[in-house]
Structure formats: structure tokens, C-alpha cells
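Right, one structure below, let's go through it.
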Amino acid sequence: MSLRSKLSVLAIAASLVVPTLAAAQTKMGYVDYQRVMLEVDDGKAAKARLQKWLDARQKEIDAEQEALRKEKETLDKQASAMSEETRVQKATDLQKKVYDLAQKWEKSRGEAAERERKEMEPIIARIDDVIRTIAEREGLGMVFEKRDSGLVYALSQYDLTNEVIRSYNNGKGKAKDAPVAKDAPKK
């Protein structure tokens, strides 16, 4: 083998080994983001506001559903006394109301998802800032999300979740006022 071939092989081997060694020396951590979202004070408050809104919408839809059920019972009882044309018209009207209610329920689900996104967006941004602050302070090269990163196992000493929750709730690295979506209902 010529000197040039030996140097090429050595260069290729070095290019494979050096990043591996660097990665082996990089400090890492992980965070259970779902748990953080559920346990930080702002996350709890946002979930409570969202649940209150959802409960009100559900109560409204349940009331309309009950009214339609009663209307159907009335139609069923009176159907034999009605003309064919009247019965068909009332059944068609009832079907339209059921369809409209189903559309309202579907729209409500979309609104709920949008409200949740708006409520959580500022909280997520602040959580990310807290994680970044902790990572920089601890000299961590990488911080993984526990559930979505493909992380199968890690020692608990690398879990930053409790520290993120504590730092977030204590206000380290956060604005004075808790983040709230711009269109969030007032308390």
C-alpha cells in the first residue's frame, strides 16, 4: 500500500472516530414535556380555563340534544295522527336539526383544539426558555424530549423534568406576569 493510500485510510478512520468521541463527551439530559405541561402552574391554569370552556360547550350541546330527543318522541307519538306530507316534513326538519347539531359539535371540537393551541403556545415558549437556561448553565450539549425522541432508557440522573417545573414555577428566566393567550378569557 502506498503512503498516499495509507494516509487516505487514516483520514477516513479519523473522520469516523473523532465525531464519535466528541458525542461521547457531550453532556445530555431529557425532559418529560407532557409532565411539565401538566404540572407547571400556568399549564394547570390554562387547562382549567380550557376545561371550563369545554364544559360550558358540552352543557349547551347536551341541552340541544335533549330537546331534539324530546322532539323526536313527540313526533313518534303524533305521527299516526298526521298526514303523510306533514309527517315527512317534520321528520325532514328534525333530521336537519340533528345534522346542524352534529356540525356544531364538530365545529366546537375544532375551536377547542385552536383554543388549546393558543393557550399553550406562550407556556411552551417559556418552558423552552427554561430548558435552554438549565442546559446552558449545566453545559448540556443536548436535551431530549422523553416520549417523542425515541429515548428508550436513560438514567434518572439525566432527567431534568423536576428542575424545569421548579424553575418555571419559581419564575427563573420568566417574565413577571404569567403568560396567557391574548384572547384567553379573564379570570
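So here's what we get for this one:
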item: Cα-only Debye scattering, segment 76-165: base-10 log of I(q)/I(0) at q = 0.11, 0.23, 0.24 Å⁻¹; result: -0.58, -1.12, -1.17
item: All-pairs alpha carbon distance profile, segment 112-164, 10 Å steps from 0, percent; result: 20, 45, 28, 8
item: Pairwise centroid distance, computed over Cα atoms, of segment 43-116 with segment 138-167, Å; result: 45
item: Chain lengthening between residue 56 and residue 108 when straightened (0.36 nm per residue, less Cα-Cα); result: 17.6 nm
item: For residue 144, residues with placed amide H under 5 Å, excluding near neighbours; result: 29, 30, 31
item: Order of 153, 158 under a 10 Å beta carbon neighbour criterion, fewest first; result: 153, 158
item: Full-stretch length increase - residue 125, residue 152 - with 0.36 nm per residue and alpha-carbon distance subtracted; result: 7.1 nm
item: Rounded to whole Hz, the Karplus (6.51, -1.76, 1.60) HN-Hα couplings of segment 79-89, x for glycine and proline; result: 4, 5, 8, 9, 6, 4, 5, 5, 4, 5, 5
item: FRET efficiency for residue 44 and residue 142, using Cβ-Cβ distance with R0 set to 25 Å, rounded to 0.05; result: 0.30
item: Cα radius of gyration and Dmax for segment 3-170 (Å); result: 29.4, 105
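No value in this document is a laboratory result; all are computed from the given coordinates. These figures come from a predicted structure and were not determined experimentally. Virtual Cβ from ideal backbone geometry, glycine too; neighbours counted across all protein chains shown.
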